[in-house]
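The values are calculated or read from the model by the stated rules, or taken from the named source; none is laboratory data. What you see is a predicted model; the values in this text were computed from it and never measured. All Cβ positions, even for glycine, are placed from backbone atoms using ideal geometry, and neighbour counts span all protein chains on display.
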Amino acid sequence: MMENWFQQLRGDTVVVKFGGNAMISDALARAFCEDIVALRDAGIRVVVTHGGGPQISSELVAQGIPSEFRGGLRVTSAAAVDVVREVLARIGAELAAHVTAAGGVATAIAGAEQGLFTARKTGTVVNGEPVDLGQVGEVRSVTANPVDAVLDAGGIPVVSAIAREGASGILLNVNADSAAGALAAALGARWLVLLTDVSGLYRNWPRNPSLITAIDAREVEALLPQLDSGMIPKVTAARDAVLGGVSRVAIVDGRVPHLLVSEPFGASGTIVSAAERTAP
């Protein structure tokens, strides 16, 4: 079954956002890298994107820099954004090395370099009140050439979620799921796969933990006010990606080793589509 699934994707672009427990478990990270190489070996143009939430939080604590989240987004001072850049660069280099050790040829690409991600500074709204998030932005444009160049050479790009503001060029912390969605849309990806620490998207979590196996962008819009703050950026990114032209987004459990190659994307998680749902 999986061989047929991979054949359907041969030559297509798949963006996989690495995150959750897979980032802090050596065993899960190793399994993830092996899966990424297996996808590449099957003829799929696979791109890895990543943030670094747990590592960034730990480093901010170590340096005595205050850190808080509002509406699921990190408030980022000028001092904090420098830590974000340093931590993401380290994660990207390590992840690229692990993918290469698993048999691929990976290249770490910082989202703030080569014009890859250009963002605008933004805040958020919590309980109806505007909140200033500091040096936090939303990706407004993507220059995909650096990523395409690695893909065209048979490599695996490993892209970090950090951007520069278009007008000033200052660094902006951007949500990793949103950055992954914007990149997937710019690349014309067939699939975006978002790894998380639950089985997928649930309706009325935690009161009624029933897994939603498939949902479209219209239904996502109606569900957003009911979601836990940590899930809102992920689901919003999925909605925006499919509206931006990505065929499907899978929200899946990154705690399950080798999930990317043991079943079709989203088979045990949640599939987000643009309009009425059809088979992927």
note = Here the residues within region 95-106 that are outside any helix (DSSP H, G or I) and of a type in the set (Val, Ile, Thr) are VAL105
ask   = When the residues of region 193-225 are filtered to those that are within 17 Å of SER178 (Cα to Cα) and in contact with a Phe, Trp or Tyr (Cβ under 9 Å, 6 or more places away or on another chain), which remaining residue is modelled with the highest pLDDT?
value = VAL193
note = With criteria (1) touching a residue at least 24 places away in the same chain (Cβ under 8 Å); (2) surrounded by fewer than 16 Cβ atoms within 10 Å (Cβ to Cβ); (3) within 20 Å of MET23 (Cβ to Cβ); (4) of a type in the set (A, V, I, L, M, F, W, C), ALA78 comes up short on (3)
inquiry  = Within region 226-249, does at least one residue satisfy the condition of being in a strand (DSSP E or B) and modelled with pLDDT of 95 or more?
reply    = yes
query = If THR13 satisfies every condition in (1) modelled with pLDDT under 95; (2) over 30 Å from GLU129 (Cβ atoms) but one, which is the exception?
reply = (1)
task = Could you list all residues from region 157-174 that are more than 10 Å from LEU116 (Cβ to Cβ) and surrounded by fewer than 24 Cβ atoms within 10 Å (Cβ to Cβ)?
result = GLU165, GLY166, ALA167, SER168, GLY169, ILE170, LEU171
key: Identity of the residue in region 108-123, buried (at least 19 other Cβ atoms within 10 Å of the Cβ) and not small (Gly, Ala, Ser), that ends up farthest from LEU224 (Cα to Cα)   = ILE109
query = How many of the residues in region 11-56 are more than 18 Å from the chain's Cα centre (by Cα), assigned to a helix (DSSP H, G or I) and of a type in the set (Gly, Ala, Ser)?
reply = 2
task = Could you please let me know if VAL220 is surrounded by 17 or more Cβ atoms within 10 Å (Cβ to Cβ) and closer than 21 Å to VAL46 by Cα?
result = no
Region 239-259, subset without any contact (Cβ under 8 Å) to a residue 60 or more places away in the chain and closer than 18 Å to GLU138 by Cα, residue surrounded by the fewest Cβ atoms within 10 Å (Cβ to Cβ) = LEU243
ask   = Can you name the number of the only condition in (1) closer than 17 Å to ALA176 by Cβ; (2) part of a strand (DSSP E or B) that GLY92 fails?
value = (2)
remark   = Going through region 119-137 in order, the residues found to be farther than 12 Å from ARG70 by Cα, outside any strand (DSSP E or B) and out of contact with any helix residue (DSSP H, G or I) (no Cβ under 7 Å at 6 or more places or on another chain) are THR122, GLY128
